[in-house]
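Enquirer: First, the structure itself, so that you have it in front of you.
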Amino acid sequence: METRHNFGSKIGAVLASAGSAVGLGNVWRFPTEVGNNGGAAFIFIYLICIALIGIPVMMSEFLIGRHTHANTISAFAKLAPGKWWRIEGVAGVFVAFLILSYYIVISGWTLFYLIESVAGRLQAGRNYSDVFNNFVSDPWLPVLTGTAFMGLTHFIISRGVQSGIERFSKVMMPMLLFIIGILVICSFSMPGSSEGLRFLLKPDLSKLTASVILSAVGQAFYSLSLAMGCLCTYASYFRADANLPKTAAGVSIIDTLVAILSGFIIFPAVFSVEEVSVDAGPGLVFITLPSVFNIAFEHVAWLGYIFSGFFYLLLLLAALTSAMSLHESVTAYVLEAFSISRRKAATAVSVSCMLLGVLCSLSFGILGDVKLFGMNVFELFDYTSSKIILPIGGIIICLFTGWYLDRRLVESELTNNGRLRFRLFRLYYFIIRYVAPLAIAAVFLQEIVS
Ligand code: TRP
């Protein structure tokens with residue numbers, strides 16, 4: 001069996017974890033949720049959820065991973081030998097696999113749109129709704145782009161923790177932040193963008209209903225990559241001197257900044273063009289935005305070219321660093337459980353995941369009529385993983401750290417055996433025992449009922 005590596009530097013650990021968190025959830029799902037849930041009021045609640053629930057739950061995942069130095073399944077088995085808690089580890093790895101299989105499909109679309117926009121084919125004044133629908137229902141092309149994307153992820157994961165995940169995160173994350181900066185400036189400079197800014201900055205508190213609050217909790221979990229062992233796996237590569245509370249805060253701040261800045265990129269642009277109707281879901285990024293680029297930059301085509309090329313590159317980088325973390329949590333398990341080489345483990349994961357991915361991809365076309373519980377394959381994977389297993393996993397992690405683990409172990413892990421000061425420990429402990437599990441239970445019940 002290969003020796004277990006750690007991340008070589010603290011900044012590498014932060015950037016890799018931030019890479020896991022920053023993904024399609026920030027650039028694509030967050031703006032959609034903001035649009036559906038009343039703009040600034042949603043953002044306000046979202047920030048509270050990140051600070052109050054997201055960061056403490058992330059700290060719990062970190063401490064489980066770093067304490068055990070093992071993949072998610074072994075981590076739970078080590079801390080609670082012979083107990084049913086290990087189901088959480090199993091569910092985490094299983095769900096990471098499921099999510100990865102559909103995540104690569106959307107990431108493949110992103111790759112296609114990047115190629116199209118670099119080739120100048122998104123500026124041609126086409127009917128973007130047709131472009132999108134023809135592409136996703138094609139039996140070959142999306143499978144091909146999804147496979148190419150999986151190939152990229154595979155390449156990085158098989159190179160290992162330091163020379164794969166860490167090295168690439170250190171390059172891709174700064175690039176991603178730089179691109180966001182450029183796009184925000186581009187978007188603000190569009191005429192009529194102030195309408196979009198007003199929407200993002202002026203909270204209409206009458207829009208704050210229970211369901212908006214619950215959507216914010218759900219989005220916070222999804223965006224921070226919580227409850228599925230991804231961050232637990234990454235934390236198993238943290239060094240003994242990593243400051244877990246600080247790392248969790250840093251990762252959450254980067255993730256939240258990217259989400260909010262994505263809103264600042266998309267809404268001023270969308271609002272600056274009146275004749276485009278705002279589409280929710282995949283349509284916002286793949287149908288509405290190309291139309292916006294096209295109309296807004298009618299007279300300065302090269303600017304539209306740059307804007308759209310950078311935008312899809314941003315989406316691709318964000319998707320890639322998240323897919324890496326999903327892949328790694330499964331690969332780490334396969335590699336350690338079967339004592340095989342990293343290369344072999346990664347290949348087994350990539351190939352089997354790709355087979356499922358093909359099914360997901362085809363569910364937008366020829367398999368569109370194959371339905372279970374009224375959902376096609378893609379919807380079924382998305383629904384069971386993010387709406388059922390993720391919230392349950394979140395509750396279990398809270399109960400595990402708050403009620404099962406010895407309080408001294410938790411405190412010593414968060415303070416590196418008393419070497420660091422962590423003044424908010426009692427607040428953290430209270431949240432993890434009571435506030436977080438109850439809040440997540442509320443989200444879960446609401447989603448199940450509705
Ligand atoms: N956080 C990523 C995003 O925003 C998606 C993701 C990666 C994820 N790993 C996860 C979501 C684990 C839930 C659990 O797109």
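The values are calculated or read from the model by the stated rules, or taken from the named source; none is laboratory data. All values reported here derive from a predicted model rather than from experimental measurement. Note: ideal-geometry Cβ built from the backbone for every residue, glycine included; neighbour counts use all protein chains shown. Ligands, DNA and RNA are stripped out before the accessible areas are found, and what is left, the full protein with its side chains, is counted by its heavy atoms. Shrake-Rupley method; radii C 1.70, N 1.55, O 1.52, S 1.80 Å.
Enquirer: Hey, among the residues in region 329-343 that are touching a residue at least 24 places away in the same chain (Cβ under 8 Å) and in contact with a helix residue (DSSP H, G or I) (Cβ under 6 Å, 6 or more places away or on another chain), which one's nearest to the ligand (Cβ to nearest atom)?
Expert: Only one residue tops the list, namely SER329.
Enquirer: Another question, then. Considering only residues of region 351-370 that are aliphatic (A, V, I, L, M) and touching a residue at least 12 places away in the same chain (Cβ under 8 Å), which is surrounded by the fewest Cβ atoms within 10 Å (Cβ to Cβ)?
Expert: Filtering region 351-370 for residues aliphatic (A, V, I, L, M) gives 351, 354-356, 358-359, 362, 366-367, 370.
Then drop every residue that is not touching a residue at least 12 places away in the same chain (Cβ under 8 Å), which leaves 354, 356, 358-359, 362, 366.
Numbers: MET354: 20, LEU356: 18, VAL358: 19, LEU359: 18, LEU362: 21, ILE366: 11.
Only one residue fits best here, namely ILE366.
Enquirer: Return the pair list, or none, for Cβ contacts closer than 7 Å from residues in region 306-324 that are of a type in the set (S, T, N, Q) to residues that are more than 13 Å from the ligand (Cβ to nearest atom) and not in a helix (DSSP H, G or I), at least 6 apart or on different chains.
Expert: Close Cβ pairs satisfying both conditions: SER308/LEU122.
Enquirer: Is it true that ALA269 is within 12 Å of the ligand (Cβ to nearest atom) and more than 26 Å from ASN416 (Cβ to Cβ)? Even if it seems obvious, please write down each step before you answer.
Expert: Details: within 12 Å of the ligand (Cβ to nearest atom): no; more than 26 Å from ASN416 (Cβ to Cβ): yes.
Against the criterion (within 12 Å of the ligand (Cβ to nearest atom) and more than 26 Å from ASN416 (Cβ to Cβ)), ALA269 does not qualify.
Enquirer: Across region 229-241, which residue is nearest to the ligand (Cβ to nearest atom) among those that are open to solvent by less than 10 Å² (accessible area, probe 1.4 Å) and part of a loop (DSSP other than H, G, I, E, B)? Explain how you work it out, then say what you get.
Expert: Taking region 229-241 and keeping what is open to solvent by less than 10 Å² (accessible area, probe 1.4 Å), we get 229-238.
Filter again for part of a loop (DSSP other than H, G, I, E, B), leaving 229, 236-238.
Values: GLY229: 8, SER236: 15, TYR237: 16, PHE238: 17 Å.
Filtering region 229-241 for residues that are open to solvent by less than 10 Å² (accessible area, probe 1.4 Å) and part of a loop (DSSP other than H, G, I, E, B), the one nearest to the ligand (Cβ to nearest atom) comes out as GLY229.
Enquirer: Output yes when any residue across region 281-293 is surrounded by fewer than 20 Cβ atoms within 10 Å (Cβ to Cβ) and more than 16 Å from the ligand (Cβ to nearest atom), and no when none is.
Expert: Looking through region 281-293, at least one residue is surrounded by fewer than 20 Cβ atoms within 10 Å (Cβ to Cβ) and more than 16 Å from the ligand (Cβ to nearest atom).
Residue-wise test of (1) surrounded by 17 or more Cβ atoms within 10 Å (Cβ to Cβ); (2) within 17 Å of SER20 (Cβ to Cβ); (3) over 22 Å from the mean Cα position of the chain (by Cα).
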| position | (1), (2), (3) |
| --- | --- |
| ASN133 | no, no, yes |
| LEU152 | yes, yes, no |
| ILE157 | yes, yes, no |
| ILE179 | yes, no, no |
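Enquirer: Just name the residue that is surrounded by the most Cβ atoms within 10 Å (Cβ to Cβ) out of those in region 15-40 that are more than 12 Å from the ligand (Cβ to nearest atom) and β-branched (Val, Ile, Thr).
Expert: Checking each candidate, the answer is VAL34.
Enquirer: Tell me yes or no: at least one residue of region 103-118 is outside any helix (DSSP H, G or I), open to solvent by 50 Å² or more (accessible area, probe 1.4 Å) and out of contact with any helix residue (DSSP H, G or I) (no Cβ under 7 Å at 6 or more places or on another chain).
Expert: Within region 103-118, the subset outside any helix (DSSP H, G or I) is none.
No; the residues of region 103-118 include none that is outside any helix (DSSP H, G or I), open to solvent by 50 Å² or more (accessible area, probe 1.4 Å) and out of contact with any helix residue (DSSP H, G or I) (no Cβ under 7 Å at 6 or more places or on another chain).
Enquirer: Scan region 199-228 for residues that are among the acidic types (Asp, Glu) and within 15 Å of the ligand (Cβ to nearest atom) and jot them down.
Expert: At the first step, the residues of region 199-228 found to be among the acidic types (Asp, Glu) are 204.
Of everything in region 199-228, nothing turns out to be among the acidic types (Asp, Glu) and within 15 Å of the ligand (Cβ to nearest atom).
Enquirer: Might you let me know whether region 371-392 holds any residue that is under 28 Å from MET150 (Cα atoms), in a loop (DSSP other than H, G, I, E, B), open to solvent by 50 Å² or more (accessible area, probe 1.4 Å) and without any contact (Cβ under 8 Å) to a residue 60 or more places away in the chain?
Expert: yes
Enquirer: Could you tell me which numbered condition THR209 fails, if it satisfies all but one of (1) over 30 Å from ALA332 (Cα atoms); (2) open to solvent by 20 Å² or more (accessible area, probe 1.4 Å); (3) in contact (Cβ under 8 Å) with a residue 24 or more places away in the chain?
Expert: Result: THR209 passes all but (3).
Enquirer: Something else now. Hey, does region 75-98 have a residue that's assigned to a loop (DSSP other than H, G, I, E, B), more than 12 Å from the ligand (Cβ to nearest atom), touching a helix residue (DSSP H, G or I) at 6+ places or on another chain (Cβ under 9 Å) and open to solvent by less than 10 Å² (accessible area, probe 1.4 Å)? Full working, then the answer.
Expert: Of region 75-98, the ones assigned to a loop (DSSP other than H, G, I, E, B) are 80-85.
From what's left, more than 12 Å from the ligand (Cβ to nearest atom): 80-85.
The next check asks that each one be touching a helix residue (DSSP H, G or I) at 6+ places or on another chain (Cβ under 9 Å); those that pass are 80, 83, 85.
If we keep only those that are open to solvent by less than 10 Å² (accessible area, probe 1.4 Å) too, we end up with 80.
Within region 75-98, one or more residues are assigned to a loop (DSSP other than H, G, I, E, B), more than 12 Å from the ligand (Cβ to nearest atom), touching a helix residue (DSSP H, G or I) at 6+ places or on another chain (Cβ under 9 Å) and open to solvent by less than 10 Å² (accessible area, probe 1.4 Å).
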